[in-house]
Amino acid sequence: MQKEFLNVQNVDNQMDPYKKNCKYRYCNREFVAKRLNQLYCNYDHKKKENNCKAKEIRDKTKDIDFIIRRNRRILKDFFYSGKTEVNYNDLELQGFNHKYSTHIEKESDGNARIPYYYEYGLVLINSDIWRQFKIINKNGKFNI
Ligand SMILES: [Zn+2]
């Protein structure tokens, strides 16, 4: 019974491609589109649906984004205080989390892989038990 009803609706929509259901998740109202690519019954619902999608993305990424931004801030603070070489403990004490970075780059003159936290990279310069790193800043001018 339910399936037949849906089929009838599909046939209706095929007959009039301008007759659509609003894609805003809290509306879904049937409307007559002015253009074939119109998905929402009005601009406000387009805006609201896009805000819903943006919030979903923020909710899914905020925890890791927070960690990566904190990592960046820690490196930035060391870098601009003049301490561009740090060891593992220095970073740990500030709450640095080695698990998350924005990307990895290959060293230009070698095979070492450098983790980056936005524009700040951490180059391992001594792998003894203290694990010494050099902090590099790719677009080095601005202290933001
Ligand atoms: Zn709508």
*Which residue pairs have Cβ atoms under 8 Å apart, sit 6 or more places apart or on different chains, and have a first residue in the stretch 11-35 that is at positive phi and a second that is near the ligand (Cβ under 10 Å from one of its atoms) and modelled with pLDDT of 95 or more?*
N28/N21; N28/C22
*In the stretch 31-66, what count of residues is obtained for those that are part of a loop (DSSP other than H, G, I, E, B) and touching a Leu at 6+ places or on another chain (Cβ under 9 Å)?*
1
*Quick one: how many residues across the stretch 38-49 are more than 8 Å from the ligand (Cβ to nearest atom) and either polar (S, T, N, Q) or in contact with an Asp or Glu (Cβ under 7 Å, 6 or more places away or on another chain) (or both)?*
1
*asked:* Looking only at the stretch 25-37, filter to residues that are of a type outside the set (F, W, Y) and within 11 Å of the ligand (Cβ to nearest atom); which one of those is surrounded by the most Cβ atoms within 10 Å (Cβ to Cβ)?
replied: C27
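Residue-wise test of (1) assigned to a loop (DSSP other than H, G, I, E, B); (2) more than 21 Å from the chain's Cα centre (by Cα).
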residue: E92; (1), (2): no, yes
residue: F96; (1), (2): yes, no
residue: S108; (1), (2): yes, yes
residue: Y116; (1), (2): no, no
residue: G121; (1), (2): no, no
residue: F133; (1), (2): no, yes
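The values are calculated or read from the model by the stated rules, or taken from the named source; none is laboratory data. What you see is a predicted model, and the numbers here were worked out from it, not measured in a lab. No Cβ is skipped: glycine too gets one built from the backbone with ideal geometry, and neighbour counts run over all protein chains shown.
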